[in-house]
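Notes to accompany the following structure.
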């Protein structure tokens, strides 16, 4: 397993208050426009505990933001570490669009 993954898309669900959402899963890959691996939040958190790094990357500045475990409203999820760049925040990444296989 690589030591680091770039998160390029997210799967979200609205929280009970319907005012914000939680990340349920992510896609990783070397290019922003395509994910080649699908991860649940539980698997990401487990990998982070094992020493694997995850990050996002700003399309405008190429600045990277580390991803860390986070608990919101009692839900174990993940978030990008705070910085002054908005387009590398997990909340601002595109939605994952997984192809269904039969």
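Answer yes or no as to whether residue 43 is in contact with a strand residue (DSSP E or B) (Cβ under 7 Å, 6 or more places away or on another chain) and surrounded by 12 or more Cβ atoms within 10 Å (Cβ to Cβ). No, not satisfied. One residue stands out in the range 1-13 among those that are in a strand (DSSP E or B) and free of Cβ contacts under 8 Å to residues at least 60 places away in the same chain: the one that is nearest to residue 59 (Cα to Cα), namely 6.
For the subset of the range 14-31 comprising residues that are at pLDDT 85 or above and in contact with a strand residue (DSSP E or B) (Cβ under 6 Å, 6 or more places away or on another chain), which member is surrounded by the most Cβ atoms within 10 Å (Cβ to Cβ)? In this case the residue turns out to be 26.
The values are calculated or read from the model by the stated rules, or taken from the named source; none is laboratory data. Computed from a prediction, not measured in an experiment: that's the story for all the values here. When we count neighbours, we look across all protein chains shown, and the Cβ atoms used for this are built from the backbone with ideal geometry, even at glycine.
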